[in-house]
1. Could you check, for segment 112-121, whether at least one of its residues is under 20 Å from the mean Cα position of the chain (by Cα), β-branched (V, I, T) and over 20 Å from W207 (Cβ atoms)?
2. Within segment 310-319, count every residue that is surrounded by fewer than 24 Cβ atoms within 10 Å (Cβ to Cβ) and either in contact with a strand residue (DSSP E or B) (Cβ under 7 Å, 6 or more places away or on another chain) or of a type in the set (A, V, I, L, M, F, W, C) (or both).
3. Answer yes if at least one residue in segment 253-260 is touching a Phe, Trp or Tyr at 6+ places or on another chain (Cβ under 6 Å), outside the structural domain of I105 (by TED's automatic domain parsing) and either in a strand (DSSP E or B) or of a type in the set (A, V, I, L, M, F, W, C) (or both), and no otherwise.
4. Restricting attention to segment 333-353, which residues are under 19 Å from W197 (Cα atoms) and in a loop (DSSP other than H, G, I, E, B)?
5. Just to be sure, is R47 part of a loop (DSSP other than H, G, I, E, B) and at pLDDT 95 or above?
6. Could you list, in sequence order, the residues of segment 511-522 that are out of contact with any helix residue (DSSP H, G or I) (no Cβ under 7 Å at 6 or more places or on another chain) and surrounded by fewer than 18 Cβ atoms within 10 Å (Cβ to Cβ)?
7. Test M408 against the criterion of being of a type in the set (A, V, I, L, M, F, W, C) and touching a Ser or Thr at 6+ places or on another chain (Cβ under 7 Å), and give yes or no.
8. Which one is nearest to H172 (Cα to Cα), of the residues in segment 237-283 that are hydroxyl-bearing (S, T, Y) and surrounded by fewer than 22 Cβ atoms within 10 Å (Cβ to Cβ)?
Amino acid sequence: MPAEKVAGTSNILFMMVDQMRADYMGCAGNPWIQTPGLDRLAAEGTRFSQCVTPVPVCMAARHSFMTGLRCATHSRFANNVPNPDPLHYTLMQLLGFVGYRTQAIGKMHFRPVRRHHGFHRMELMEEIPDYQQDDEYLMYLKAKGYGHKREVHGVRNLLYHLPQVSVIPEEHHGSTWVADRTIDFLRYNRDKPFFCWSSWIAPHPPWNPPEPFASMYESEDMPLPINYDRDIETIPPQKRGMVNFADMGYAPSERLQRVKALYSGNISLIDKGIGRILRALDELGLAENTLVVFASDHGEMLGDHGQWQKNSPFEASVRVPMLARLPSRFAAGAVNEDLVSLLDLMPTMLELAEVDYPGQPALLGTSLLGCEGGGLAQKREDYVVEIGHGASRWLSLRGHRWKYNYWMADGWEELLDLDNDPQELNNLLLGKVNAEDSRRADAMKAKLTAWEVAHGFEDSLDENGVLRNFGRPPTDHTKMGTNGQFPRWVARLPDDERAVMESRGETVLNAIRKEDTFMLEEINLKAFKENGGSLAGTPQQRLLDEVE
């Protein structure tokens, strides 16, 4: 399909963050978070308060957004699964066909990392790149005198969920870099239609904002996680291991609150950049004809129900922030309660650009330009969230009031009344179940089964056409979960550059120098050592030497 002329005239700027909860914006009612940039965007556009991710994990959510398709179709149902061939149209490819300038900035999480998927240009900042030269942000840091830093996005293996402060100052921090590159792109492309996907790594862990954002929030002002000491027998068996994850299991309240303060600081740093981007749109005369969308790929449990990370059907994991501004199409200051998802963004952007989708199967999302002021033309009664394949798969049917979850690992079921139990404390299918709840769960399970037949995996159903129970035993909640990732690119540097890198021990100590909510002696040094960790070059190496 040749690029002959541009069908639409509106630009598109999509700003995505990683692992941000829907309730961490001032405009969403959060009483402590400072997000003036996002609050401005919400005041000038529409906040979709019930937006969910179609799949709460990074790679799968991003592939769902950019293809408009479900996991069984685009083949990304988790992180780090075998890479599918690019058999489906992508949003940037279709926009590029009609003459849009398409740009990627920041974290894309593609494999292979530089497969462009239709982007004309990519300026990447990945969490753990394989090669320094593949990552524009690493090359930028090298040029600015920070090429000797190992863990530029925070120490992952030993300190993944532990409080730490960035060793990169605000001026050169990754969150600042994404905003800077976005503003540069807007300036250079102001006279041509564009699609720009700007993507931040934060507030995804490690929790390591730079100063002054690391000190922006007082820990004692942070609320403790909801139901943190939840009865283990009421947690889905496949998530019980998460209660003791990355040295956060049974952590003292001071550490839990410090993590929330750092998480908030990361969001406020991103917000500062978003405010600068919005001002740049004003100054360049682009605000009136640029659709600006802000969203996250998924949420973060932050200790609620004793859980961390994403990958679960709890609201903290699946509900995401979404703001949309285009003066002629989205009502200013509106709060829209339609059940929408990231899958609705591709149809919205294609409609705005006046581009028809030529692929098969048809897109499963619906344009958010369906009614005056923005929103769906036909309201949904419910929405399916999914993750995984085989025994790792679960499905969630979420309506405005009721939510039903089914875990294929062991057949665990949950029925939740979100109106009367918004914190999801009470699974109505545990203990004595009343007849009405039992009928409701059966009906919702039947609806999920029909959905899986139409859009999911064939092997999710047994020989009787029922959602499978694989009989997997519960995860061991007494075993510490760890992160085993080190910066791979360091080992691939030339010998002379690798020789001047700071030691692994210095990397760790520099990140936690001002932290006082834990001691190295208290955390899982055994797993760190087994994964190849080192504190060489510091007095703390003796701690590893003593680990058996």
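1. Yes, segment 112-121 contains at least one residue that is under 20 Å from the mean Cα position of the chain (by Cα), β-branched (V, I, T) and over 20 Å from W207 (Cβ atoms).
2. Of all residues in segment 310-319, those surrounded by fewer than 24 Cβ atoms within 10 Å (Cβ to Cβ) come to 311, 315, 319.
Next, from what is left, pick out any that are either in contact with a strand residue (DSSP E or B) (Cβ under 7 Å, 6 or more places away or on another chain) or of a type in the set (A, V, I, L, M, F, W, C) (or both): 311, 319.
Residues in segment 310-319 being surrounded by fewer than 24 Cβ atoms within 10 Å (Cβ to Cβ) and either in contact with a strand residue (DSSP E or B) (Cβ under 7 Å, 6 or more places away or on another chain) or of a type in the set (A, V, I, L, M, F, W, C) (or both): 2 in total.
3. yes
4. Start the filter on segment 333-353 by keeping residues that are under 19 Å from W197 (Cα atoms), which leaves 341-353.
Listed by number, the list holds a single entry, A353.
5. Values: part of a loop (DSSP other than H, G, I, E, B): no; at pLDDT 95 or above: yes.
Criteria not met by R47.
6. We begin by selecting, within segment 511-522, every residue out of contact with any helix residue (DSSP H, G or I) (no Cβ under 7 Å at 6 or more places or on another chain); these are 511-516, 519, 522.
Selection gives R513, K514, E515, D516, M519, E522.
7. On the way: of a type in the set (A, V, I, L, M, F, W, C): yes; touching a Ser or Thr at 6+ places or on another chain (Cβ under 7 Å): yes.
Here the answer is yes, as M408 does meet what is asked.
8. Of segment 237-283, the ones hydroxyl-bearing (S, T, Y) are 250, 253, 263-264, 268.
From what is left, the residues that are surrounded by fewer than 22 Cβ atoms within 10 Å (Cβ to Cβ) are 250, 253.
Numbers: Y250: 35, S253: 32 Å.
Step by step, filter segment 237-283, then rank; the result is S253.
The values are calculated or read from the model by the stated rules, or taken from the named source; none is laboratory data. Since the structure is predicted, the reported quantities are computational estimates derived from the model, not experimental observations. In this analysis, Cβ positions are derived from the backbone assuming ideal geometry, glycine residues included, and neighbour counts consider all displayed protein chains.
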